[in-house]
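Novice: One structure follows; several queries about it will come next.
Just so you know, all these numbers are worked out from the coordinates, no wet-lab data involved. Since we're looking at a predicted model, the values are computed, not measured. When we count neighbours, we look across all protein chains shown, and the Cβ atoms used for this are built from the backbone with ideal geometry, even at glycine.
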Amino acid sequence: MLWPTSNCLRRNPRAANKKGVHVSESDSVPQNIPQATRWGASHFLVVGLLFFFSGLSSLIYQVIWTRELVFVFGSTSFASSTVLSAFMGGLGLGSYFAGKYCDRMKNPFLWYGILEAGIGVWALLVPFLLDAAIPFYKIFWQAFHSEVLVFSLVRFAVVALILLPPTVFMGATLPLLARFIISSLSIVGNRVGFLYSINTCGAVFGAVTAGFMLIPSLGLNLTNLVAAIINFLLGLVVYLLQAKWSSTLGIAKGRSGLGLMDPVSNSTESDAASSKVKEKLPRGVFWTMIAFGFSGGLAMLHEVAWTRALLLIIGSTTFAFTIMLSTFLIGIFVGSLILSRFVDNLKAPLLWFSIFQLALCGMGLLSIHVFNYLPYWNLVTNATYWDNPDAGMAVRFALTSCVLFPITVCLGAIFPLAVKICTRDLEAVGRSVGTLYSINTLGAIVGAFIAGFAIIPAIGSEQTLLWACVGNGIIGSALLISFATQNMAIKVIAALVSTGLVVWTSTAPSLWNLRMVTSSQKTRRLLQIEREPFKTLRFEDWLKQVESSFDILFWKDGMCSNVAVIGFKDKGISLLTNGHIDASDRPSDMRTQALLPTIPLLIKTGAKDVGDIGWGSGSTMGYALLFPIKKMVCAEIEPAVIETSPFFHSVNLAPEKDKRLIININDG
């Protein structure tokens, strides 16, 4: 065991004794680490149970805040991105600052309880603070009439400030508990990995209970209160356990008051601490940290792109988002739980870190291939279990698991490996965990933003997933070549694999059959009419039906949704958003689209200003502009929908060419 002092004899007391130097027990053991030598399994499980409920309450808040921000931003990507960015930003800041200071705290466990209670207090204030900010938004808009992007950024800044305190507290909890429970470097991977996995398990239950039970039955405000009560109870339990364990385990023995920092006991320890700050990290550790940051960004590329892709299969309901989030978290929980049991016994954790990055690449490519078959499985299983809504929900969960579970298990396994590689100093456990978590979170913030607002709109979900897999492959190969092995043959193979991945992804055609993917929601609606033929339908027969029924005229992953235009063989074209038909040029749809503006304008003669929410095929705008109005404003949330207008010019009268039309890209 490497005791972190500047005295080499205290680093290795056995070596000192061989030289005839007497080393006392007090010299060989650090004096200012939380005493956990008399811990039993029950004590550690109690801490894990507390952290389970901590994760549960955190995800309840995330679901609640996402719902509440719909009233601020509308149903846009900004709503979910704001919560996600503020959430991860707070977690990153909290873990960084907690990691920086918790190694000098007298009682990190008690501080954990204080922060849990603080989360509950602030969470109760969040709904009132969000409501209080609404007048500011109105004043700002009326005073400056900003562009939508500028106005959204202002709202983002205000909301981020409101959500920052509780999320900072949440981020600080893992380094504090890691510092509290670690008494030896030989168990750091196991215990921190277990904490991470059990917290993620709580997050799964939080997402499920919030989305499926609490919010539908209690509403947002009461659900928020339930989560706050959980935090208050956590704070109370920690306080009571602190009082009990102080006498039985020697926690903070002989110290009074809360106290933020431990006093430096002597100049030797002070010099040791100073020398450690100046000491450079080993290159392998440094590049593992960098790789872990990029891995966080790539993880968000996987999550955001798969979420967008799976909406085409299982639909874009609130339950669908909950299912996908839960599946993602379950995989991370399983991966981190399994690896935490073995990571401290691995002789080459950096090698395994590289292997799991390569496995992530392989599992990701396999999932992209499997995605082609999900529409067929979705159709057949829904036809079989149509009358059982619970079975239908299970089908969606199973389909999501087919593509997400292998990826997320690998993602979960990476965290305990990174902790084991980078934690080299027992007195700096909290700092190591906090730094790692903050680096990974920073990468995740960047990945989440560029995925939704830049990469997916530019190259689409499929290419985003492919390049995310390539990124994981490059990380694994680079670490394997540089640090993880001395075997030249393995290094050459790793270099060839990463190079081949880049070349293949740059030149390969689409792996997805867009007809199959596009037909998923459209075909599932046919089950309302007839289901028996689909129960025994063979995949080959279904594929022939799909490929002979329509052509893809337009396909684009926009900032908010996937948009497609399909042309049927029996004539007629339809607009689809996230797989659902929203408009068409068929007579049944055209009657609605034409009469929608005509009847109000015939009743309200002399109307000059007209507003419409949603572009659709554009026919509503086209017929409204036939009247002598001065201005028409259309609010459309997805810019890609506007791009489909030329396909409907035969029926929509090309409204985008009329100067009286103003298109506002925003939620209605």
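Novice: At a Förster radius of 35 Å, what calculated FRET efficiency corresponds to the Cβ-Cβ distance of Arg591 and Ala391, to the nearest 0.05?
Specialist: 0.40
Novice: Counting other Cβ atoms within 10 Å, which trypsin sites (Lys or Arg not before Pro) in region 329-413 have at most 16 and lie in a DSSP loop?
Specialist: Answer by residue number: Lys347.
Novice: Sequence-distant or interchain residues sharing an amide H contact under 5 Å with Leu575, placed H: which?
Specialist: Asp582, Ala583, Ser584
Novice: Using the alpha-carbon centroid of each, what span in Å lies between region 552-621 and region 176-240?
Specialist: Each part reduced to its Cα centre gives a spacing of 46 Å.
Novice: Under the rule of at least 5 residues apart or a separate chain, name every residue whose amide H is placed under 5 Å from the amide H of Met105.
Specialist: Close amide H contacts, sequence-distant or interchain: Asp262.
Novice: In whole Hz, with x marking every Gly and Pro, tabulate ³J(HN,Hα) for region 584-599 from phi via Karplus 6.51 cos²θ - 1.76 cosθ + 1.60, θ = phi - 60°.
Specialist: Whole-Hz 3J(HN,Hα) from phi for region 584-599: 7, 9, 6, x, 5, 7, 5, 4, 5, 5, 7, 7, 4, x, 5, 4.
Novice: Taking square-rooted eigenvalues a ≥ b ≥ c of the alpha carbon gyration tensor, is region 352-394 rounded, prolate or oblate, where a/c under 1.5 means rounded and, failing that, a/b exceeding b/c means prolate?
Specialist: oblate
Novice: Sequence-distant or interchain residues sharing an amide H contact under 5 Å with Val610, placed H: which?
Specialist: Counting only residues 5 or more places away or on other chains, the set is Lys631, Met632, Val633.
Novice: Evaluate the relative contact order of region 78-215 (contact order divided by residue number), counting alpha-carbon pairs under 8 angstrom at least 6 apart; express in whole percent.
Specialist: Once normalised by length, the contact order is 46 percent.
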